[in-house]
Amino acid sequence: MNVLLCATCGTRLTEPVRRLDEMPEYPGWDGLPGPDGRRHGPPSVSRGTYVVDPLPFGAPFEPIGPDEEYDGVVPGGYWKSDERGFLVSAGPRGTYVLHPDDVMDLTPHPDTYRLIGCCGPDGSAGVNHVCACGAEVAIVAADCTSGYETRLVPDAVRVEVAA
């Protein structure tokens with residue numbers, strides 16, 4: 001079991017969690033309110049576990065190359081479109097994906113734009129939660145259009161064996 005700590009101040013950000021070898025398949029959902037009454041997708045990982053996602057996640061978004069095929073599917077990540085065409089995530093790679101209930105002591109980012117979403121933050125605007133020390137550490141996705149997860153940014157945290 002491991003805990004993840006803020007790399008800036010050493011604050012413990014997670015309960016003890018066990019690392020999974022690979023990202024579980026996203027379970028999908030029906031859009032109805034969950035047992036807590038909130039509308040968010042099912043958790044990407046189970047309580048007590050985490051996984052390192054090698055794919056990019058969140059902002060910034062870059063146009064897909066003119067010679068690249070694009071089938072509308074971005075494994076594990078977001079896509080958008082604008083006047084430049086289809087955009088795919090060029091956000092951080094190697095994020096630590098956790099169940100939101102396994103994460104503690106985070107505060108919403110003071111830049112409220114980063115908290116955009118319908119029923120909660122969707123995670124598409126980049127790091128949207130900070131540690132008590134103010135360090136930007138997490139991307140929380142808890143919207144009706146996203147997975148239900150907290151992604152700790154690899155450069156902002158460190159992993160230690162749980163005591």
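The values are calculated or read from the model by the stated rules, or taken from the named source; none is laboratory data. Computed from a predicted structure; not experimentally measured. When the accessible area is computed, the model is the full protein with side chains, heavy atoms only, and any ligands, DNA or RNA have been set aside. Shrake-Rupley method; radii C 1.70, N 1.55, O 1.52, S 1.80 Å.
Find how much the distance from C118 to A163 grows on full extension, using 0.36 nm per residue of separation minus their present alpha carbon separation; answer in nm with one decimal.
Details: separation 45, 0.36 × 45 = 16.20 nm, distance 3.87 nm.
Taking 0.36 nm per residue and subtracting the Cα distance, the gain is 12.3 nm.
Quick check for you: with a 1.4 Å probe and neighbouring chains kept, what is the accessible area per residue of the chain, in Å²?
Numbers: 8560 Å² over 163 residues.
Per residue, the chain has an accessible area of 53 Å².
Give me the percent of the accessible area of the chain that comes from carbon and sulfur atoms, probe 1.4 Å, all protein chains in place. Mind showing how you got there, number by number?
Numbers: 4440 of 8560 Å².
Its accessible area is 52 percent carbon and sulfur atoms.
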